[in-house]
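What follows is a set of notes on a single structure, which appears directly below.
Laboratory data are not the source of any read-out in this text; all were calculated from the coordinates shown. Worth saying up front: this structure is predicted, and the values here are computed from it rather than measured. When we count neighbours, we look across all protein chains shown, and the Cβ atoms used for this are built from the backbone with ideal geometry, even at glycine.
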């Protein structure tokens, strides 16, 4: 296997994610409630009893790069949320540990939307009926492709961790 630079892997992963987001939008999101019209905007991202998204080292590095492009005050608020969430999760031993996503900020929404949004977040929407959801196999196949890019960048795959822990661990 020929290794590639981390930056090249991030670029390829972000391109794949953009294409994946477009596919999800075209094929499935018409059957979902729009985030723009949600009465409790962001509650699905900030519900400490709901969010359990795990990300890889490559995804964490891409997110950290995207956060680095934000204005200082926004980046600092996100860093504080990441730190607090990571501390809480370090004491949580269960794989199903849940957390409020530190990447969501009030009226701004997802700070990495369109740049480095995690794959499970791309798929998530408020679907009225279970049959409208994108099939699990679609997400699994895309996650597999990102794992292949991670292997090409680092020579191996790293453990997928909850977003806050991954962002702290894989800075």
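Short-range pairs are left out: with C-alpha atoms under 8 Å and at least six residues apart, the relative contact order of segment 6-169 is 42 percent. Helix-derived [θ] at 222 nm for the chain: sum -39500 (n - 2.57) over DSSP H runs of at least 4, divide by residue count, nearest 500? That comes out to -16000 deg cm²/dmol. Projecting label points 7 angstrom from Cα along Cα→Cβ for residue 40 and residue 157 puts them 3.4 nm apart. Given their separation in residues at 0.36 nm each and the Cα-Cα distance between them, residue 26 and residue 127 gain 34.9 nm when the chain is fully extended. Relative to its residue count, segment 21-76 spans a Cα convex hull of 155 Å³ per residue. Paramagnetic label reach from residue 4 (point 7 Å along Cα→Cβ; backbone nitrogen cut-off under 13 Å): within segment 141-156, residues 145-155. The calculated FRET efficiency for residue 18 paired with residue 144, based on their beta-carbon distance and R0 = 22 Å, is about 0.80.
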